[in-house]
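Read the structure below first, then the notes.
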Protein chains: 2
Amino acid sequence: MFQTYDSYSNPAAHPPRLAALRRELAARDLDGFLVPRADAHQGEYVAARDARLAWLTGFTGSAGFCIVTPDRAGVFIDGRYRVQVKAEVDPAHFTPVPWPETRPSDWLHQALPEGGRIGYDPWLHTRREIREMEKGLVGTGIALIALETNPVDAIWTDQPEPPVGVVRLWPDAVAGETAAEKRARIADALRKAGQQAAVLTLPDSVSWLLNIRGADVPKNPVVQCFAIIEENGHVAVFTDPAKFGPEVRAALGNEVSVLPLVALTPALTNLAGPVRVDPASAPDRVFALIESMKTPIVEAPDPVILPKACKNPAEVAGMRAAHLQDGAAITELLCWLDSRAPLLGAEPLTEIDVAQKLEALRTARGILDISFDTISATGPHAAIPHYHVSQDSNLRIEPGHVLLVDSGGQYENGTTDITRTLPMGPVDPAVRRPYTRVLQGMIAVSQVQFPKGVAGCHIDALARAPLWSEGMDYDHGTGHGVGAGLSVHEGPVRISRISDIPLQPGMILSNEPGYYREGAFGIRIENLIVIENRQSPDGREMLGFETLTFAPIDRRLIEPGLLSPAEVAWLDAYHAEVWDKISPLVEGGVRDWLFLATRPLGGSV
Amino acid sequence: MFQTYDSYSNPAAHPPRLAALRRELAARDLDGFLVPRADAHQGEYVAARDARLAWLTGFTGSAGFCIVTPDRAGVFIDGRYRVQVKAEVDPAHFTPVPWPETRPSDWLHQALPEGGRIGYDPWLHTRREIREMEKGLVGTGIALIALETNPVDAIWTDQPEPPVGVVRLWPDAVAGETAAEKRARIADALRKAGQQAAVLTLPDSVSWLLNIRGADVPKNPVVQCFAIIEENGHVAVFTDPAKFGPEVRAALGNEVSVLPLVALTPALTNLAGPVRVDPASAPDRVFALIESMKTPIVEAPDPVILPKACKNPAEVAGMRAAHLQDGAAITELLCWLDSRAPLLGAEPLTEIDVAQKLEALRTARGILDISFDTISATGPHAAIPHYHVSQDSNLRIEPGHVLLVDSGGQYENGTTDITRTLPMGPVDPAVRRPYTRVLQGMIAVSQVQFPKGVAGCHIDALARAPLWSEGMDYDHGTGHGVGAGLSVHEGPVRISRISDIPLQPGMILSNEPGYYREGAFGIRIENLIVIENRQSPDGREMLGFETLTFAPIDRRLIEPGLLSPAEVAWLDAYHAEVWDKISPLVEGGVRDWLFLATRPLGGSV
């Protein structure tokens, strides 16, 4: 079972931990300490030993941090977690702080006298983060102190060990490029830029580079590690060597060495430079170690990020194949939900039931893991974009509810992420108008063509314009990058108002506009799309999207008359393709259901 | 007559001037000199005495610069002027240089030995420009030297005197805010920011602030001047005081002083500071003078720019009224063109004839000036977005040509800018598809609603998506800001891929997508639009556009079937409004023509 639904709550555990931390800080002559949610790799999922924020405060969200001072403990959380934080932390000891509205430096300025000393673990914060906080503290007399050891680890007596997930090979046939070729490509870029080496601190960068996958953290099949790639193509990986079996070692070859984590510090201090390090993701400590030797540093993006984002034909083929399996599982779920909807009064169905059913269907399709915890949200819960169902929150699906299911799988050949929104019986007709506007936005992105140079910030409005026409909007981005057998949220490109990196062929993105009416219902429709080249009569370099996700989009929630003929044509063509691709993969009643679900809209709307 | 059509060409004049300049530079021990097109106010139109670039090189474009060294003279011009520059400069003495593709610093590095000394007139370059060039010259050993006097002025024996255009008052009723109120508003912002004064170097900023208009440069009714506004609301204007008659002086009151230009230097060196100066527009010399006294400088945008961009209800009302007169003049032109089209074989009609006819029609409607030289471009000329007709280039309009007319007027109550594209008889049906796509883009921008925070870079794609769907695009922005009785191109907001300043109520923009097929035809359709508040059922702060321009959009060039029902509805509603607003202003045959031109598309497409 990949997803758990335990309600995390052990409220009595946290005040003693907080008190112990304060004693530890006092012993170290510190006036405060930063406890981030992040680990040294800034990933979305962290190993159990790195869940310091949850262990200390009880808050289990995927982003945030706590600042502990002698008399305050502020839990900084963004808009997604305003509700959750209240349920998870003890207000007598912890104070939720809205962030980024409240700058941590301003909060510290209020909380501490001049001359205050705030400790931080320089492995857990990026150089950029520390720089920004230091900028905010200019003139306050408060100093940030990089600590040699983490005070939380010092008091966490039963802290779990680091994970030792077994490393497997990601087949060259699915990767489309051997690890040796990738190393040569990155090394070539370093040579051309006059850089002797680059430090890689993002596990998905190393995993992509070496065609390996791991089992260190849930949902994200990366190998937790650091690496240094030199301009001669040699790579040193720093992690527990026990993760690597003989077959993987042999495949990596002599130009890749695997060293224990303790070897990282001497390696960083022995580089000749110039060394390329990414201030947006590399720990502050990595910079400090290289700087301590006066080795020249080039601040530049991780050299693997962009090559990894631009998927090659084999990677795209793997993603296409994974999406067919996933589309079949989703189709089975949708058919099952339709069969259960009329019975809701007699046979109760909960959000967890739906998530478990879907996990079972995906497991039958061969997933290695889910790609993130399924968002199974009914009625008012669907209005919380990042709703996380637990035994405590688990709602019964009521007749007339709108059910939102956002989920994905890690397959042997790729990663999926799909959202569908469904009527559980006859729903309030007021849902139809925003549902149709969301669908129109999703269609607009699906079918747009654009010239090279255009970025996510330029096309984001296409997904929103139909909602905007109603005075509506949604407070999240339209799409995120997706890894091929890697992180379901992958940088650097997004479809959002602030993403100005040009879109390039092979990039895979989600396309997921939504609408949320607090306390009432939520809507989101999501497909994954991949950027491909297109023709131009004028010789312009044009790009467009190929859709990867194939599963029916509910037609019963569409408001008749709002769709243009072109939009109807897109939806009918999409559904025809769903039928062609998915019907061979499902059987019996599911196939019959799929036939009806993918009929052209024609007169039926 | 506002527009002239003289072909500028006196090729023999320029080589002796270049030789004289080189002698002057040698006498000053300089290895080169920058001759910009700009004057000290960075405006689009310059006074005759500031036309140094044209005087030296023969190049008359509205942007560019020349770098003169002992053996080279590079004329740097952007893509718009690649063709024009060849016709205007003598290639034996001047070399066109593609810019920004070639960085001036790289060109200088090639052209000069290490230790080269390049002079520049620090009044004619912004601080930002000089900084960027200096950055490019790091490591080359080439130095930029700010000169006390301009070497071109030294050899230009018959250089015209500075203009002394009479200043008139811009009525408070049209301005919607008295000059005293405006001064108080800006002064308040300075006080709140802790700034003692701001230096204003943009004539439209000063003209807006003081509710005055001038006659120093053509097309743009600004008063060429500098000003300093202090945090107590006092303003000192620096220009020839002879421009100000007693009535204007009296209206300005005691808190506004008018001083001769020579008083500017002592005024700048006597400020206490902090002084706000805009590095994007203020001359390098202004910074240097303040810095010479070690007075603190705050680099920030001109404090008038944003208040000026957000038009108040009275300004919008004036703009609406000006657009009705202008729409009537355009309607008369369109009717006249339709009457002439069938006779083209027998009664020749040229681009200049059209521009002159339009100027006469606008003059009858009371314009004070045109707002820019009319682009009257037929056939292949229309594919040049910034085509400028002269006696040399003047084409006869041939039957079957597509005619593009982009023009505007300066009225007593506002400024207009409109483009229409017309078939002169039956045209190649291949024109219809791109014409319709351009129209769809223009409609998409016209009817979009969007939340506060959205910028021009976010909605630019809406204007392009219909063209993109054909693999087509246009290589200019979608829209520029427009002043109210001021510059027809006004900062800071645009609808373009790189404009990230949030759109705000009252801002007036052009909406002008286009399509250009080199050597064949060009299409552009342009209305002005003003940002207004809109309602939201979710309590979001929404904005939208009200259209200001009313004149028929040619329906004969529309490709049947490409428009969606919503687009047809927009066009029909627009034309109905054109009829309602313009028909009372025109008579007889024009009115009859307008009735037909504004019928609903209905079955006629």
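The values are calculated or read from the model by the stated rules, or taken from the named source; none is laboratory data. Keep in mind the model is a prediction, meaning the values are calculated, not measured. With ideal geometry, Cβ positions are generated from the backbone for all residues, glycine too; neighbour counts draw on all protein chains shown. Side chains are part of the model used for accessible areas, which takes the heavy atoms of the whole protein and leaves out ligands, DNA and RNA. Shrake-Rupley method; radii C 1.70, N 1.55, O 1.52, S 1.80 Å.
Can you tell me which residue among A:73, A:87, A:111 is out of contact with any helix residue (DSSP H, G or I) (no Cβ under 9 Å at 6 or more places or on another chain), over 22 Å from residue A:392 (Cα atoms) and of a type outside the set (S, T, N, Q)?
Values: A:73 fails: out of contact with any helix residue (DSSP H, G or I) (no Cβ under 9 Å at 6 or more places or on another chain); A:87 fails: over 22 Å from residue A:392 (Cα atoms).
Only one candidate passes the filter, namely A:111.
Name the residues in the stretch A:194-206 that are surrounded by 24 or more Cβ atoms within 10 Å (Cβ to Cβ) and more than 17 Å from residue A:39 (Cα to Cα), would you?
A:197, A:198
Looking at B:166, B:248, B:206, B:235, can you tell me which residue is in contact with a Cys (Cβ under 8 Å, 6 or more places away or on another chain) and more than 24 Å from residue B:53 (Cα to Cα)?
Values: B:166 fails: in contact with a Cys (Cβ under 8 Å, 6 or more places away or on another chain); B:248 fails: in contact with a Cys (Cβ under 8 Å, 6 or more places away or on another chain); B:235 fails: in contact with a Cys (Cβ under 8 Å, 6 or more places away or on another chain).
Sole residue among the options that is in contact with a Cys (Cβ under 8 Å, 6 or more places away or on another chain) and more than 24 Å from residue B:53 (Cα to Cα): B:206.
Determine which member of the set A:305, A:297, A:290 is open to solvent by 10 Å² or more (accessible area, probe 1.4 Å), modelled with pLDDT of 95 or more and closer than 17 Å to residue A:267 by Cβ. Break it down stepwise before answering.
Details: A:305 fails: closer than 17 Å to residue A:267 by Cβ; A:290 fails: open to solvent by 10 Å² or more (accessible area, probe 1.4 Å).
Every option except A:297 fails the conditions.
Matching residues to (1) more than 16 Å from residue B:224 (Cβ to Cβ); (2) open to solvent by 40 Å² or more (accessible area, probe 1.4 Å); (3) touching a helix residue (DSSP H, G or I) at 6+ places or on another chain (Cβ under 9 Å):
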{"residue": "B:4", "(1), (2), (3)": "yes, yes, no"}
{"residue": "B:16", "(1), (2), (3)": "yes, yes, no"}
{"residue": "B:30", "(1), (2), (3)": "yes, no, yes"}
{"residue": "B:42", "(1), (2), (3)": "no, yes, no"}
{"residue": "B:49", "(1), (2), (3)": "no, yes, yes"}
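Report yes if some residue within the stretch A:489-499 is of a type in the set (D, E, K, R) and closer than 30 Å to residue A:170 by Cβ; otherwise report no. Outline the logic, then answer.
First, the residues of the stretch A:489-499 that are of a type in the set (D, E, K, R): A:490, A:494, A:497.
From what's left, closer than 30 Å to residue A:170 by Cβ: A:490, A:494.
Yes, the stretch A:489-499 contains a residue that is of a type in the set (D, E, K, R) and closer than 30 Å to residue A:170 by Cβ.
Does residue B:433 satisfy the criteria of being within 14 Å of chain A (Cβ to nearest Cβ), more than 30 Å from residue B:538 (Cα to Cα), modelled with pLDDT of 95 or more and open to solvent by 10 Å² or more (accessible area, probe 1.4 Å)?
Working: within 14 Å of chain A (Cβ to nearest Cβ): yes; more than 30 Å from residue B:538 (Cα to Cα): yes; modelled with pLDDT of 95 or more: yes; open to solvent by 10 Å² or more (accessible area, probe 1.4 Å): yes.
Spelling it out, residue B:433 is indeed within 14 Å of chain A (Cβ to nearest Cβ), more than 30 Å from residue B:538 (Cα to Cα), modelled with pLDDT of 95 or more and open to solvent by 10 Å² or more (accessible area, probe 1.4 Å).
Quick test for you: out of A:519, A:477, pick the one residue that is more than 10 Å from chain B (Cβ to nearest Cβ), open to solvent by 10 Å² or more (accessible area, probe 1.4 Å) and without any contact (Cβ under 8 Å) to a residue 24 or more places away in the chain. Even if it seems obvious, please write down each step before you answer.
Working: A:519 fails: without any contact (Cβ under 8 Å) to a residue 24 or more places away in the chain.
One residue alone meets the criteria, A:477.
Here are B:181, B:161: which of them is without any contact (Cβ under 8 Å) to a residue 60 or more places away in the chain and surrounded by fewer than 18 Cβ atoms within 10 Å (Cβ to Cβ)? Steps first, please.
Details: B:161 fails: without any contact (Cβ under 8 Å) to a residue 60 or more places away in the chain.
So the residue among B:181, B:161 that is without any contact (Cβ under 8 Å) to a residue 60 or more places away in the chain and surrounded by fewer than 18 Cβ atoms within 10 Å (Cβ to Cβ) is B:181.
Give the residues of the stretch B:520-563 that are assigned to a loop (DSSP other than H, G, I, E, B), under 29 Å from residue B:328 (Cα atoms) and among the polar types (S, T, N, Q), sorted by residue number. Walk me through how you get there before you give the answer.
First pass over the stretch B:520-563, keeping only residues assigned to a loop (DSSP other than H, G, I, E, B): B:520, B:525, B:535-541, B:548-563.
Then drop every residue that is not under 29 Å from residue B:328 (Cα atoms), which leaves B:525, B:548-560, B:563.
Across the stretch B:520-563, the qualifying residue is only B:549.
Only one of these conditions is not met by residue B:218: (1) in contact with a Ser or Thr (Cβ under 8 Å, 6 or more places away or on another chain); (2) at pLDDT below 95. Which number is it?
Failed condition: (1).
Select from the stretch B:370-386 the residues that are out of contact with any Leu (no Cβ under 8 Å at 6 or more places or on another chain) and part of a loop (DSSP other than H, G, I, E, B) and write down the one among them that is surrounded by the most Cβ atoms within 10 Å (Cβ to Cβ).
Among residues in the stretch B:370-386 that are out of contact with any Leu (no Cβ under 8 Å at 6 or more places or on another chain) and part of a loop (DSSP other than H, G, I, E, B), the one surrounded by the most Cβ atoms within 10 Å (Cβ to Cβ) is B:371.
Residues that are of a type outside the set (Val, Ile, Thr): find the strands (runs of 3 or more DSSP E) completely inside the stretch A:52-119 holding 3 or more of those. Spell out the reasoning first.
Details: elements: A:65-68, A:73-77, A:95-98.
Where strands (runs of 3 or more DSSP E) fall fully within the stretch A:52-119 and carry at least 3 residues being of a type outside the set (Val, Ile, Thr), they are A:73-77.
Say whether the condition of being within 14 Å of another protein chain (Cβ to nearest Cβ), in contact with a strand residue (DSSP E or B) (Cβ under 8 Å, 6 or more places away or on another chain), open to solvent by less than 10 Å² (accessible area, probe 1.4 Å) and not in a loop (DSSP other than H, G, I, E, B) is met by at least one residue in the stretch B:480-498.
yes
Could you tell me how many of the residues in the stretch B:387-410 are open to solvent by 10 Å² or more (accessible area, probe 1.4 Å) and in a loop (DSSP other than H, G, I, E, B)?
12
Inside the stretch A:313-327, can you point out the residues that are closer than 12 Å to residue A:546 by Cβ and open to solvent by 10 Å² or more (accessible area, probe 1.4 Å)? Give the steps one after another, and end with the answer.
Restricting attention to the stretch A:313-327, the residues satisfying the condition of being closer than 12 Å to residue A:546 by Cβ are A:313, A:316-317, A:319-320, A:323.
Once the filter is applied, which keeps residues that are closer than 12 Å to residue A:546 by Cβ and open to solvent by 10 Å² or more (accessible area, probe 1.4 Å), the stretch A:313-327 yields A:313, A:316, A:317, A:320.
Checking residue B:211 against (1) open to solvent by 50 Å² or more (accessible area, probe 1.4 Å); (2) closer than 18 Å to residue B:247 by Cα: exactly one of these is not met. Which one?
(1)
Only residues that are closer than 22 Å to residue B:303 by Cβ and in contact (Cβ under 8 Å) with a residue 40 or more places away in the chain: list them for the stretch B:235-255, please.
Result: B:235, B:252, B:253, B:255.
Taking the options A:418, A:367, name whichever one is surrounded by 24 or more Cβ atoms within 10 Å (Cβ to Cβ) and more than 12 Å from every other protein chain (Cβ to nearest Cβ).
A:418
Restricting to the stretch A:545-566, what's the tally of residues that are at pLDDT below 95 and either touching an Asp or Glu at 6+ places or on another chain (Cβ under 6 Å) or at the interface with chain B (Cβ under 9 Å from one of its Cβ atoms) (or both)?
3
Exactly one condition in (1) at negative phi; (2) more than 14 Å from chain A (Cβ to nearest Cβ); (3) open to solvent by 10 Å² or more (accessible area, probe 1.4 Å); (4) not in a strand (DSSP E or B) is not met by residue B:425; state its number.
(1)
How many of the residues making up the stretch B:124-142 are crowded, with 19+ Cβ neighbours inside 10 Å, in a helix (DSSP H, G or I) and not hydrophobic (A, V, I, L, M, F, W, C)?
Here is the first cut: in the stretch B:124-142, the ones crowded, with 19+ Cβ neighbours inside 10 Å are B:124-127, B:129-130, B:133, B:137, B:142.
In the following step, the residues that additionally are in a helix (DSSP H, G or I) were identified as B:127, B:129-130, B:133, B:137.
Checking the rest, the ones that are also not hydrophobic (A, V, I, L, M, F, W, C) come to B:127, B:129.
Of the residues in that region, 2 qualify.
Within the stretch A:149-158, work out how many residues are touching a residue at least 40 places away in the same chain (Cβ under 8 Å) and among the polar types (S, T, N, Q). Break it down stepwise before answering.
At the first step, the residues of the stretch A:149-158 found to be touching a residue at least 40 places away in the same chain (Cβ under 8 Å) are A:150-156.
Subsequent filtering for residues that are among the polar types (S, T, N, Q) retains A:150.
Qualifying residue count, the stretch A:149-158: 1.
Out of everything in the stretch B:526-544 that is among the small types (Gly, Ala, Ser) and open to solvent by 10 Å² or more (accessible area, probe 1.4 Å), what residue ends up being farthest from the other protein chains (Cβ to nearest Cβ)?
Of all residues in the stretch B:526-544, those among the small types (Gly, Ala, Ser) come to B:536, B:539, B:544.
With open to solvent by 10 Å² or more (accessible area, probe 1.4 Å) added as a condition, the list becomes B:536, B:539.
Numbers: B:536: 3, B:539: 9 Å.
Among those residues, the one meeting the criterion is B:539.
For the stretch A:447-468, which positions are more than 7 Å from chain B (Cβ to nearest Cβ), open to solvent by 10 Å² or more (accessible area, probe 1.4 Å) and assigned to a helix (DSSP H, G or I)?
A:447, A:464, A:466
When residue B:576 is evaluated against the numbered criteria (1) open to solvent by less than 10 Å² (accessible area, probe 1.4 Å); (2) more than 12 Å from every other protein chain (Cβ to nearest Cβ); (3) of a type outside the set (Asp, Glu); (4) farther than 19 Å from residue A:468 by Cα, which criterion, by number, is the only one it fails?
Evaluating residue B:576 over (1) open to solvent by less than 10 Å² (accessible area, probe 1.4 Å); (2) more than 12 Å from every other protein chain (Cβ to nearest Cβ); (3) of a type outside the set (Asp, Glu); (4) farther than 19 Å from residue A:468 by Cα leaves (1) as the failure.
Of the numbered conditions (1) open to solvent by 10 Å² or more (accessible area, probe 1.4 Å); (2) within 14 Å of chain B (Cβ to nearest Cβ); (3) farther than 30 Å from residue B:516 by Cβ; (4) of a type outside the set (Val, Ile, Thr), residue A:596 fails exactly one; give the number of that condition.
(2)
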